[in-house]
Amino acid sequence: MKPDIPNLIWIDPRLIADNTEVNNKERVLFAARKLYSNYIMTTSSENNWASVKKNIAGILSQTITEAELHLVAEQQAERIEKYKKLLREFGAEEDYHPEKWFNDAILEEVKKEQWNLKDLSTKEFHFRDNYQKSNWYNFQEAAKQYLKNAEIILRPLLSSLEMKEW
């Protein structure tokens, strides 16, 4: 849970003593900068990292510690609203509906109230002829490629870490 709270500063006992404090906000901003750099490189867009960083930092709120975990739910709701506001400013007003992406890829229809990944994983579905052009399929393929890339990049680092547990 702690790695998933983007503005949390916490202690990871699995790490060596000098590196136990983890600042998720710094990690989020570092990762965002890397992603943004890749975006700039592949799209030849204007580099506006200062503005992007300001937006992300503003959305993340102030950092909190483990003693302030009671603030997480409220901050998460605020973050979601801030993200939505920013997306509207960029003309991306439609909310993400995972069932719509999935329905666009399959012949059957899954209604919103039926959208339960545990139940869906045991059912059989049939793809549309053009499913490989769907957002759902492209997201799955991108996630697989990202995992492969991450494993290649992280393999040397992970093999050298001094951790009691992984």
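Read the figures in this text as sums done on the coordinates, not as results from a lab. Remember, it's a predicted structure, so these values are computed and weren't measured experimentally. Cβ placement follows ideal geometry from the backbone for every residue including glycine, while neighbour counts extend to all protein chains displayed.
Taking other Cβ atoms within 10 Å as a rough exposure proxy, Thr122, Thr63, Thr20 sort from fewest to most as Thr122, Thr20, Thr63.
Can you tell me how region 118-166 classifies by the Cα gyration tensor, rounded, prolate or oblate, using a/c under 1.5 as the rounded cut?
Numbers: a/c = 5.84, a/b = 2.08, b/c = 2.80.
The shape class here is oblate.
Straight-line reach only, C-alpha to C-alpha below 24 angstrom: list the lysines that Lys111 could link to, leaving out same-chain residues fewer than 8 apart. Here the lysines satisfying the reach criterion relative to Lys111 are Lys84, Lys100, Lys123, Lys133. The relative contact order of the chain comes to 21 percent, based on Cα pairs under 8 Å that sit 6 or more residues apart.
Could you size up the charge dipole of the chain around its Cα centre, putting +1 on the beta carbon of Lys and Arg and -1 on that of Asp and Glu, and report it in debye to the nearest 20?
Working: 24 positive and 27 negative charges, 87 e Å.
Magnitude of the dipole: close to 420 debye.
For region 1-94, just say rounded, prolate or oblate: build the C-alpha gyration tensor, square-root its eigenvalues into a ≥ b ≥ c, call rounded for a/c under 1.5, and beyond that prolate if a/b exceeds b/c, oblate if not. Can you show the working numbers first?
Values: a/c = 2.97, a/b = 1.41, b/c = 2.10.
It is oblate, given that a/c is not under 1.5 and a/b is not larger than b/c.
Compute a Gaussian network model of the chain, connecting alpha carbons closer than 10 Å, and tell me which residue from Ile56, Ile16, Ile64 fluctuates the most. Looking only at Ile56, Ile16, Ile64, the largest GNM fluctuation is found for Ile16.
When the charge dipole of the chain is built from unit charges on Cβ atoms (+1 for Lys and Arg, -1 for Asp and Glu) and taken about the Cα centre, the candidate among Ser134, Ser44, Asn7 whose Cα reaches farthest toward its positive end is Ser44.
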